[in-house]
Amino acid sequence: MTIKHHISILIFALVSLIGCKSTAPKKKILVQKNFGTHYPSDHLRGVDIHPENYATWSDILRRVLSVACQDSIPKVTFETDKEKKVVYFDNYCPEAYLCVLVKQKNILIMHNDSISKGGGKFYTIDSLAPFLKRDIENKGKDPLWSDHPNKLTIYLSYDDNSFENFESTLDTLTKTYEKLTERTDINILLDVKKELSPPPPPPSGMKN
């Protein structure tokens, strides 16, 4: 084989290699954002619960309690188009804390992607921003709304077989909280559906 043939083969190989590299799909680089009161102080204790591995919401709650009772912090990791989000939850171990009291006015309920301050009255998730804004900005002025942003706890729950929007709801919730506060220390607790006494009048902007 002549030198020209060797050179031709080498050039062809290089062109093919460059072509393969240029057509290979580029891996998307996502910015990671961490949400919850346990970040950054306790993030090393975080344990991902992987909700996709469970058939029911009850199964997820059992896994959350199992993690909490091992002195760890339950969390969920998921990706959006632009970000990788890690959400740390504030669930506690009932064996370690016999009773944790949270005033009703410091609770915002989200069940099956709807919102309530109690009394069985629920509003669509489109009303999340005005509800959060009212609770965050109240600071004890109205006795029916949250005492302080740091005391506000979002109780998130689903019917047993209806949690397919769980990660989407977490994305909306964290995004709305960050937009209103410019902070990421949101207090979220996973729970069964919570029943509270009649609620205060809803803020303007809510949707049934």
From (1) surrounded by fewer than 18 Cβ atoms within 10 Å (Cβ to Cβ); (2) out of contact with any Phe, Trp or Tyr (no Cβ under 8 Å at 6 or more places or on another chain), pick out the condition that doesn't hold for residue 37.
-> (2)
In the range 48-68, which residues are without any contact (Cβ under 8 Å) to a residue 40 or more places away in the chain, touching a Phe, Trp or Tyr at 6+ places or on another chain (Cβ under 9 Å) and loosely packed, with under 15 Cβ neighbours inside 10 Å?
-> 62
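Please indicate, with yes or no, whether at least one residue in the range 23-35 is assigned to a loop (DSSP other than H, G, I, E, B), under 21 Å from residue 152 (Cα atoms) and at pLDDT below 95. Can you show your working first?
The initial filter retains those residues of the range 23-35 that are assigned to a loop (DSSP other than H, G, I, E, B), namely 24-30.
Right, trim to under 21 Å from residue 152 (Cα atoms) and you get none.
No, the range 23-35 contains no residue that is assigned to a loop (DSSP other than H, G, I, E, B), under 21 Å from residue 152 (Cα atoms) and at pLDDT below 95.
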Matching residues in the range 152-180 - criterion: being part of a loop (DSSP other than H, G, I, E, B) and either charged (D, E, K, R) or within 16 Å of residue 37 (Cα to Cα) (or both) = 152, 159, 160, 164
Would you confirm whether any residue within the range 57-70 is of a type in the set (Asp, Glu), under 19 Å from residue 170 (Cβ atoms) and modelled with pLDDT of 60 or more?
-> yes
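Criterion first (under 25 Å from residue 80 (Cα atoms) and basic (Lys, Arg)) does residue 151 satisfy it?
On the way: under 25 Å from residue 80 (Cα atoms): no; basic (Lys, Arg): yes.
Answer is no for this residue.
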Could you say whether any residue in the range 138-154 is of a type in the set (Asp, Glu) and closer than 19 Å to residue 195 by Cα?
-> no
State which residue pairs qualify: first residue in contact (Cβ under 8 Å) with a residue 12 or more places away in the chain and inside the range 29-47, second residue among the basic types (Lys, Arg) and surrounded by 14 or more Cβ atoms within 10 Å (Cβ to Cβ) in any location, beta carbons under 6 Å apart, and separation of 6 or more residues or different chains.
-> 30/84; 32/84; 33/85; 46/75
Being in contact with a His (Cβ under 6 Å, 6 or more places away or on another chain) and either without any contact (Cβ under 8 Å) to a residue 40 or more places away in the chain or over 25 Å from residue 43 (Cα atoms) (or both), is that true of even one residue in the range 69-92?
-> yes
Filter the range 117-136 down to the residues that are basic (Lys, Arg) and part of a loop (DSSP other than H, G, I, E, B), then identify the one that is surrounded by the fewest Cβ atoms within 10 Å (Cβ to Cβ).
-> 121
Tally time: how many residues in the range 95-116 are free of Cβ contacts under 8 Å to residues at least 24 places away in the same chain and assigned to a loop (DSSP other than H, G, I, E, B)?
-> 5
Evaluate the range 92-105: report whether one residue or more is surrounded by 18 or more Cβ atoms within 10 Å (Cβ to Cβ) and either of a type in the set (Val, Ile, Thr) or out of contact with any Leu (no Cβ under 9 Å at 6 or more places or on another chain) (or both).
-> no
For the range 148-197, name all the residues that are within 15 Å of residue 104 (Cα to Cα) and out of contact with any strand residue (DSSP E or B) (no Cβ under 8 Å at 6 or more places or on another chain).
-> 148, 149, 150, 151, 195, 197
Residue pairs qualifying under the 6 Å Cβ cut-off, at least six apart or on distinct chains, with the first in the range 157-181 being of a type outside the set (A, V, I, L, M, F, W, C) and the second being part of a helix (DSSP H, G or I) and surrounded by fewer than 17 Cβ atoms within 10 Å (Cβ to Cβ), are 160/58
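Would you point out the residue of the range 65-78, among those that are in a strand (DSSP E or B) and over 11 Å from the mean Cα position of the chain (by Cα), that is nearest to residue 190 (Cα to Cα)?
Selected residue: 74.
The values are calculated or read from the model by the stated rules, or taken from the named source; none is laboratory data. Keep in mind it's a predicted model, so treat the numbers as computed, not measured. Quick reminder, even Gly has a Cβ in these numbers, built from the backbone with ideal geometry, and neighbours come from all protein chains shown.
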